[in-house]
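Peer 1: One structure, pasted below without further comment.
The values are calculated or read from the model by the stated rules, or taken from the named source; none is laboratory data. Here the structure is a predicted model, which is why all the values come from computation and not from measurement. Note: ideal-geometry Cβ built from the backbone for every residue, glycine included; neighbour counts use all protein chains shown.
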Amino acid sequence: MTVLIQSKLSRPIAEQRFLLCDRTPEQYRHLLAALGEERSVRLTYDRGKIELVMPLELHEFSRELIGLFIRILVAELGLKLKSLGSTRLDRPDLDRAAEPDLAYYIQNQPKVAGKTINLNTDPPPDLVVEIDITHTDIDKLNLYASLGIPEFWRYNGQEWKIYALQTDRTYQELSQSPTFPTIEKAQLYQFLAASEQDEIAAEAQLRHQLRSSVISDLQ
């Protein structure tokens with residue numbers, strides 16, 4: 001069965017989504033092979049469901065700017081980073097695979113620096129980000145919890161939600177990021193709003209705020 005998922009009327013169209021149900025892992029892998037690696041469509045496989053997502057302008061704008069926001073935080077806070085982008089997080093043993101909008105190693109960056117990631121032997125990414133402005137029928141919280149992602153961010157075009165993985169393999173929603181505990185949600189919202197007018201000026205402003213905060217903490 002194929003389902004075209006319509007976006008909610010209250011939200012702008014940012015993605016086109018197609019859902020394929022009752023599909024086997026073999027059918028998922030045949031679809032991957034048919035589409036090839038040089039594609040704009042992102043696929044998620046979750047125990048028989050295949051979701052195909054074609055990002056549109058608003059989705060890509062949000063993804064690029066949230067990615068830049070993270071890189072600025074990492075740089076200004078003196079952390080380390082390995083970016084995976086939308087690299088497929090494939091766990092055939094769990095009958096699941098995901099191509100997130102963004103994925104990063106931060107705390108575990110030293111363990112994977114210079115390596116090609118193998119989820120059978122390497123830890124999962126420390127942080128995964130999904131932009132879901134239109135409705136998705138994939139349970140992303142359950143999906144990424146099963147993959148062992150310690151921190152998961154979701155952005156729906158209006159609200160940034162932060163989830164931390166608990167010992168029982170479920171997520172707890174938090175008001176602040178465990179990776180960036182000094183950062184307030186308002187800073188991302190301000191950065192995105194400023195970027196709509198000028199991305200370069202927004203980046204300079206955010207860096208200035210972060211550096212001023214560090215200086216203030218030292219005084």
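Peer 1: Which residue out of 205, 172 is of a type outside the set (Asp, Glu), under 21 Å from the mean Cα position of the chain (by Cα) and outside any loop (DSSP other than H, G, I, E, B)?
Peer 2: Selected residue: 172, the only one of 205, 172 that is of a type outside the set (Asp, Glu), under 21 Å from the mean Cα position of the chain (by Cα) and outside any loop (DSSP other than H, G, I, E, B).
Peer 1: Sticking with this structure for a sec: Kindly establish whether residue 79 is at pLDDT 95 or above and surrounded by fewer than 17 Cβ atoms within 10 Å (Cβ to Cβ). Before you say what the answer is, go through the steps one by one.
Peer 2: On the way: at pLDDT 95 or above: yes; surrounded by fewer than 17 Cβ atoms within 10 Å (Cβ to Cβ): yes.
For residue 79, the condition - at pLDDT 95 or above and surrounded by fewer than 17 Cβ atoms within 10 Å (Cβ to Cβ) - is met.
Peer 1: Can you confirm whether residue 164 is aliphatic (A, V, I, L, M), out of contact with any Pro (no Cβ under 6 Å at 6 or more places or on another chain) and over 16 Å from residue 62 (Cβ atoms)? Let's see the steps before the verdict.
Peer 2: Values: aliphatic (A, V, I, L, M): yes; out of contact with any Pro (no Cβ under 6 Å at 6 or more places or on another chain): no; over 16 Å from residue 62 (Cβ atoms): yes.
In short, no.
Peer 1: Then there's this: Right, residue 71: under 23 Å from residue 192 (Cα atoms), among the basic types (Lys, Arg) and crowded, with 20+ Cβ neighbours inside 10 Å or not? Explain how you work it out, then say what you get.
Peer 2: Details: under 23 Å from residue 192 (Cα atoms): yes; among the basic types (Lys, Arg): yes; crowded, with 20+ Cβ neighbours inside 10 Å: no.
No: the conditions fail for residue 71.
Peer 1: Residue check: is residue 23 in a loop (DSSP other than H, G, I, E, B) and buried (at least 16 other Cβ atoms within 10 Å of the Cβ)? Can you show your working first?
Peer 2: Numbers: in a loop (DSSP other than H, G, I, E, B): yes; buried (at least 16 other Cβ atoms within 10 Å of the Cβ): yes.
Yes.
Peer 1: A further question follows. Of the conditions (1) part of a helix (DSSP H, G or I); (2) closer than 23 Å to residue 23 by Cα, residue 138 fails just one. Which one is it?
Peer 2: (1)
Peer 1: Determine whether residue 103 is buried (at least 22 other Cβ atoms within 10 Å of the Cβ) and not acidic (Asp, Glu).
Peer 2: yes
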